[in-house]
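Q: Provided herewith is a single structure, encoded as structure tokens, for subsequent inquiry.
Nothing in this text is a laboratory measurement; each read-out follows from the coordinates by a stated rule. Not measured: the values here are computed from a predicted model. Quick reminder, even Gly has a Cβ in these numbers, built from the backbone with ideal geometry, and neighbours come from all protein chains shown.
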Amino acid sequence: MSITPVVKNLLIINIVIAVIDLFFPAVSFSDAFGLRHWASENFAPYQLFTHFFVHASLNINPAHLLFNMFALYMFGPMLEGVWGSKRFVVFYLVCGFGASILFSAINYVEMHLLSEKISTFLASTDPYVFEQIMRDTLSQRGYTQVLEFIEQFKENPTDAQIIKESKSILVELFNYRLDNSVMVGASGAISGIFIAFGMTFPNQRLLLLIPPIPMKAKYMVILFALFDVYRAWQNAPDDNVAHFAHLGGMLVAFILIKIWRSRRLVP
């Protein structure tokens, strides 16, 4: 199918914002429009919608924008052609919003659990509790940077200066996570489109890129969903992909299509 009006406009908006962000970094779209934790002083309600028009900087992670826009271009026009432009744009926005809600809920739980772990350490000042917090929270690179301090703490568990510094590290870590847990990208809405495509055109044959295996759309979307469930459950500190946002978009897409089908609004 040829490119459809809403898909065309979404592509233009996302690409233009990404190009402006690349050449005018002082504008900082991610800081202003990326979705932050509700308790962050930089949170604003409009971020629940604006975050999925902003992507990672092109000079840092160009694949983020390219993959999302490629998926929108491949699957969006067929859905818009069948549903009509108004229903498609509503679907896109609702899926993106659903991704925001699930991501925000998980982010809240994670920050609450981190707060409880820090409280446990403050009550005991146990170096092994400190080590576990670092291991669970930091990337491999970040953990390596504090490894020497951790070993010093283990060797001197009652040293007042080391205890003071460990408390300072945890406070800085919590505040950093609170202010910098920012989600950007259309992945939640795109995940919803992918699920919708699999439900609307279940027997359409697609080519899985890695490995290059052809399969029906209904099977590919199942694999896609299972992969995100696995990665979300794994919750690796080095993984910067918002898998729960993907799952939020998928869940909302599934529910919305079921509702529309029950009312015979979509095939």
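Q: Compute, for the chain, the length of the dipole vector about the Cα centre, with Cβ point charges of +1 (Lys, Arg) and -1 (Asp, Glu) only. Units Debye, rounded to 20. Mind dumping the intermediate values first?
A: Numbers: 19 positive and 19 negative charges, 379 e Å.
It comes to approximately 1820 debye.
Q: Sticking with this one: Under Stokes-Einstein, with the Kirkwood radius over Cα pairs standing in for Rh, what whole-number D in µm²/s applies to the chain at 37 °C and 0.692 mPa s? Write out the running numbers ahead of the final one.
A: On the way: Rh = 20.4 Å.
Once the numbers are plugged in, D ends up at 161 µm²/s.
Q: Just to confirm the number: angle between the C-alpha axis of helix 85-124 and the first principal axis of the chain, 0 to 90 degrees, nearest 10?
A: Helix 85-124 and the main axis of the chain meet at about 10 degrees.
Q: Relative to the longest principal axis of the chain, what angle (0 to 90°, nearest 10) does the C-alpha long axis of helix 62-83 take?
A: Relative to the chain, helix 62-83 is tipped by roughly 30 degrees.
Q: Right, something else. Compute the semi-axes of the equivalent ellipsoid of the range 110-180, taking the square root of 5 times each eigenvalue of the Cα gyration tensor, and list them largest first in whole Å. Before the final figure, lay out the partial values.
A: Values: eigenvalues 68, 40, 21 Å².
Working through the eigenvalues yields semi-axes of 18, 14, 10 Å.
Q: Just in the range 170-267: which trypsin sites (Lys or Arg not before Pro) are loop by DSSP and have at most 13 other Cβ atoms within 10 Å? Please list the in-between numbers first.
A: Values: sites: Arg177, Arg205, Lys216, Lys218, Arg231, Lys258, Arg261, Arg263, Arg264; in loops: Arg263, Arg264.
Hits after loop and neighbour filter: Arg263, Arg264.
Q: Please work out the Cα convex hull volume for the range 191-262 and give it in Å³ per residue.
A: On the way: hull volume 6.0 nm³, N = 72.
Hull volume over Cα atoms, normalised by residue count, gives 84 Å³.
Q: Still on this model: Can you give the translational diffusion coefficient of the range 122-239 in µm²/s, computed by Stokes-Einstein from the Kirkwood radius over Cα pairs at 37 °C and 0.692 mPa s?
A: Working: Rh = 17.9 Å.
It comes out at roughly 184 µm²/s.
Q: If one puts a single equal scatterer on every Cα of the range 1-88 and applies the Debye formula without solvent, what log₁₀ I(q)/I(0) results at q = 0.11, 0.20, 0.22 Å⁻¹?
A: So the normalised log intensities are -0.36, -0.96, -1.05.
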